[in-house]
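Enquirer: Sharing a structure here in structure tokens format.
The values are calculated or read from the model by the stated rules, or taken from the named source; none is laboratory data. Because the structure is a prediction, the values reported are computed rather than measured. Cβ: placed from backbone, ideal geometry, glycine included. Neighbour counts: every protein chain shown. We work out accessible area using only protein heavy atoms, side chains counted, and drop any ligands, DNA or RNA first. Shrake-Rupley method; radii C 1.70, N 1.55, O 1.52, S 1.80 Å.
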Amino acid sequence: LAEHGPFDGLLGFSQGAALAAMVCALRARGDPRFPVAFAVLVAGFASRAPAHGHFYREPIALPTLHIVGDTDAVIAAPLSRELAQCFVEPVVLTHPGGHFIPAAAAQKKAYLEFLERFCPGQGQ
């Protein structure tokens, strides 16, 4: 990560969102390897692996935007909502579609509103 960064935040999709959520848990615990300020998790889910249970025991205090597809047949919406509940004050954006990153005007507006929290005074 360090050789390509620094990075302000993480974007994870599907399995990548599951991994990014675990990175968020490490970051929230003060792990210096992951100096990110936020994450956007699309079609995410909590790992069911017993070895990963410790990532979800404490609420994860890192700002997150969770994108949930109501008709996602790969990662069902309840799984993404369950992951969101592992975070402190998650922002949850639902869309009527499936397993993809939605890019309609309404979603773009929500993305910008979330991201603007991390670049104050930058405007558009």
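Enquirer: Within the bounds of region 1-12, is there any residue that is farther than 20 Å from residue 114 by Cα and of a type in the set (Phe, Trp, Tyr)?
Expert: no
Enquirer: So residue 97 fits all but one of (1) of a type outside the set (Val, Ile, Thr); (2) open to solvent by less than 30 Å² (accessible area, probe 1.4 Å); (3) in a helix (DSSP H, G or I); what number is the exception?
Expert: Only one criterion in (1) of a type outside the set (Val, Ile, Thr); (2) open to solvent by less than 30 Å² (accessible area, probe 1.4 Å); (3) in a helix (DSSP H, G or I) is unmet by residue 97, namely (3).
Residues are listed down the side, and each one gets a yes or a no for (1) part of a helix (DSSP H, G or I); (2) touching a strand residue (DSSP E or B) at 6+ places or on another chain (Cβ under 7 Å); (3) at pLDDT below 95:
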{"site": "5", "(1), (2), (3)": "no, no, yes"}
{"site": "10", "(1), (2), (3)": "no, yes, no"}
{"site": "20", "(1), (2), (3)": "yes, yes, no"}
{"site": "40", "(1), (2), (3)": "no, yes, no"}
{"site": "46", "(1), (2), (3)": "no, no, no"}
{"site": "53", "(1), (2), (3)": "yes, no, no"}
{"site": "110", "(1), (2), (3)": "yes, yes, no"}
{"site": "117", "(1), (2), (3)": "yes, no, yes"}
{"site": "121", "(1), (2), (3)": "no, no, yes"}
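Enquirer: Would you check if residue 34 is assigned to a loop (DSSP other than H, G, I, E, B) and at pLDDT 95 or above?
Expert: Answer is no for this residue.
Enquirer: For region 32-52, how many residues meet the condition of being open to solvent by less than 30 Å² (accessible area, probe 1.4 Å) and either farther than 14 Å from residue 90 by Cβ or among the aromatic types (Phe, Trp, Tyr) (or both)?
Expert: Residues meeting the conditions: 4.
Enquirer: Can you confirm whether region 24-39 contains a residue that is in contact (Cβ under 8 Å) with a residue 60 or more places away in the chain and not hydrophobic (A, V, I, L, M, F, W, C)?
Expert: No, region 24-39 has no match at all.
Enquirer: Kindly list, by first and then second residue, each pair from a residue in region 66-95 that is closer than 13 Å to residue 46 by Cβ to a residue that is of a type outside the set (A, V, I, L, M) and in a helix (DSSP H, G or I), limited to pairs with Cβ atoms under 7 Å and residues at least 6 apart or on different chains.
Expert: 66/80; 86/56
Enquirer: Within region 96-110, can you find the residues that are without any contact (Cβ under 8 Å) to a residue 40 or more places away in the chain and more than 21 Å from residue 15 (Cβ to Cβ)?
Expert: Residues satisfying the conditions are 96, 104, 105, 106, 108, 109.
Enquirer: Report the residue count in region 58-90 for those that are touching a helix residue (DSSP H, G or I) at 6+ places or on another chain (Cβ under 6 Å) and either open to solvent by 50 Å² or more (accessible area, probe 1.4 Å) or of a type in the set (D, E, K, R) (or both).
Expert: Going through region 58-90 one residue at a time, the tally reaches 2.
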